[in-house]
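The values are calculated or read from the model by the stated rules, or taken from the named source; none is laboratory data. All values reported here derive from a predicted model rather than from experimental measurement. Glycine also receives a Cβ, built like all others from the backbone with ideal geometry; neighbour counts cover every protein chain displayed.
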Amino acid sequence: MDRGYVKLYRKSIDSQVFANTELWKVWTWCLMKATHKPIWVELPTGRGITEVFLQPGQFIFGRKTASKKLRMKPSSIRNRIKKLKNIGNLDIQPDTHFSIITVKNWHLYQVEEKKEDTQEDNQRTTKGQPKDTYKNNKNNKNKEHTASVDADTSGFYLTRKKRKLSGKRLNTFNLFWESFNYKKGRAEAADSWLDIPYLTDSLVGKIIEAAKLEALNRSKIIEQGKTPKMAQGWLTGKRWEDEVNAGPNVVLEDVG
């Protein structure tokens, strides 16, 4: 679990959640459980270990584990989580062996505020330093622009929105990109890949298989005078679900 703090708005005292003591307890627990940074989590499943990618504001939910931490019945936990979803505080993404909970609007009010050097601070040193600092910043921006063209040797790829795609998420994106085989809009597609809320190995496999089918059918689309789907729109629209039947989901399954 991340160390640090979470933010609570004072206006929460007038909310429906605060008025219900047990619901408030579950809600603040969700805030503290959510990760503050992108992270891969290993989970035991029926046949081994599954790696799940979590975005900021997400966490793996298990009724039994939550029951022990919150000292509530598993059924009570389930009902209160569902109520928080209905109110609009949470989103629930079920899978066969687990569920991922997302705290909605996390990026709007839980972001970390980074202190930047002010112009006054820069002027405290030598007279020439502010100009040098400007040059260094400009050089850094040029380096970032270079990184956005291709994945560089530092091990990350900079998307169109200037987000870093790295680690296993980058490796799986490269596999998708090669399978999709339509070399336009890579940076935009990388943003869409980051926006997929969770990626298990099985889901990546389904996406890649569907991408290969899309690549095979693209010539027919062009022959019909139609414009092929670019990777960004294909991913955003979850078009792999059109190609591969993902099977039924199980709501609020337990991993703990």
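Would you mind stating whether Thr65 is in a strand (DSSP E or B), on the phi < 0 side of the Ramachandran plot, surrounded by 16 or more Cβ atoms within 10 Å (Cβ to Cβ) and not assigned by TED's automatic domain parsing to the domain that holds Arg163?
no
Would you pick out the residues in region 173-230 that are among the hydroxyl-bearing types (Ser, Thr, Tyr) and over 20 Å from Ile100 (Cα atoms)?
Ser179, Tyr182, Ser219, Thr227
Do we have Leu194 as modelled with pLDDT of 90 or more and surrounded by fewer than 16 Cβ atoms within 10 Å (Cβ to Cβ) here?
For Leu194, the condition - modelled with pLDDT of 90 or more and surrounded by fewer than 16 Cβ atoms within 10 Å (Cβ to Cβ) - is not met.
Anything in region 82-115 that is over 23 Å from Pro38 (Cα atoms) and either at pLDDT below 90 or β-branched (Val, Ile, Thr) (or both)? List them, or say none.
Of everything in region 82-115, just one residue is over 23 Å from Pro38 (Cα atoms) and either at pLDDT below 90 or β-branched (Val, Ile, Thr) (or both), namely Ile87.
Go through (1) under 18 Å from Lys85 (Cβ atoms); (2) assigned to a strand (DSSP E or B); (3) among the hydrophobic types (A, V, I, L, M, F, W, C) and name the single condition Cys30 misses.
Unmet for Cys30, out of (1) under 18 Å from Lys85 (Cβ atoms); (2) assigned to a strand (DSSP E or B); (3) among the hydrophobic types (A, V, I, L, M, F, W, C): (2).
From the set of residues in region 33-50 that are surrounded by 14 or more Cβ atoms within 10 Å (Cβ to Cβ) and not in a loop (DSSP other than H, G, I, E, B), which is nearest to the chain's Cα centre (by Cα)?
Ile39
Can you tell which of Ala210, Ala189, Ala246 is modelled with pLDDT of 90 or more and more than 18 Å from the chain's Cα centre (by Cα)?
Sole residue among the options that is modelled with pLDDT of 90 or more and more than 18 Å from the chain's Cα centre (by Cα): Ala210.
Restricting to region 92-112, what's the tally of residues that are outside any loop (DSSP other than H, G, I, E, B), in contact (Cβ under 8 Å) with a residue 24 or more places away in the chain and either among the hydrophobic types (A, V, I, L, M, F, W, C) or surrounded by 14 or more Cβ atoms within 10 Å (Cβ to Cβ) (or both)?
Within region 92-112, residues that are outside any loop (DSSP other than H, G, I, E, B), in contact (Cβ under 8 Å) with a residue 24 or more places away in the chain and either among the hydrophobic types (A, V, I, L, M, F, W, C) or surrounded by 14 or more Cβ atoms within 10 Å (Cβ to Cβ) (or both) number 9.
Given Leu203, Leu170, Leu175, which one is more than 15 Å from the chain's Cα centre (by Cα), in a helix (DSSP H, G or I) and among the hydrophobic types (A, V, I, L, M, F, W, C)?
Answer to the selection: Leu175.
Just to be sure I understand the filter: pairs with C-beta atoms under 9 Å, separated by 6 or more residues or on different chains, first member in region 176-189 and not assigned by TED's automatic domain parsing to the domain that holds Ile207, second member surrounded by 16 or more Cβ atoms within 10 Å (Cβ to Cβ) and not polar (S, T, N, Q). Which pairs pass?
none
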